[in-house]
Amino acid sequence: MPTLFMVELAVADAAASRRWYEVTLGMKVVTVDASTGFALLQDERGGRLALKPGTPNPGGVTLHFEVADVAAAIRGLRPDGPAVVSPEGYREAFVRDPDGYRVGLFAWT
């Protein structure tokens with residue numbers, strides 16, 4: 001059975017994107033290839049995100065991160081709108097990363 005290893009995003013400025021995911025979401029850098037700008041980040045549960053210099057395609061991907069508290073997670077950020085409660089039982093708000101990728105921050109209710 002295959003195992004999902006990572007999700008890869010094409011980014012315009014790899015260093016700026018890497019900083020955003022580190023500072024905003026608390027992801028840790030696993031590796032950076034200085035010659036290509038490729039970076040692999042990981043969250044505390046083992047989820048991996050690869051950032052690769054290229055042409056961003058923000059309409060093609062939405063990332064969802066589970067957080068303990070949606071209000072706390074979006075404090076200081078510019079959400080796309082207010083946090084909403086879904087019929088599936090979670091509260092979620094969306095923000096954008098530096099390339100415009102939609103990032104959902106959710107907590108189970």
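At a glance:
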| item | result |
| --- | --- |
| Residue in the range 89-104 that is exposed (fewer than 15 other Cβ atoms within 10 Å of the Cβ), out of contact with any Phe, Trp or Tyr (no Cβ under 9 Å at 6 or more places or on another chain) and at pLDDT below 95 present | no |
| Matching residues, the range 51-82, being outside any loop (DSSP other than H, G, I, E, B) and farther than 17 Å from Arg96 by Cα | Lys52, Pro53 |
| Qualifying residue in the range 34-47 (condition: at pLDDT below 95, surrounded by 11 or more Cβ atoms within 10 Å (Cβ to Cβ) and not in a loop (DSSP other than H, G, I, E, B)) | no |
| Looking only at the range 17-36, and only at residues there that are of a type outside the set (Ser, Thr, Tyr) and touching an Asp or Glu at 6+ places or on another chain (Cβ under 9 Å), the one that is farthest from Gly104 (Cα to Cα) | Val29 |
| Any hit, the range 95-109, residues being in contact with a Pro (Cβ under 6 Å, 6 or more places away or on another chain) and in a strand (DSSP E or B) | yes |
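The values are calculated or read from the model by the stated rules, or taken from the named source; none is laboratory data. Since we're looking at a predicted model, the values are computed, not measured. Cβ: placed from backbone, ideal geometry, glycine included. Neighbour counts: every protein chain shown.
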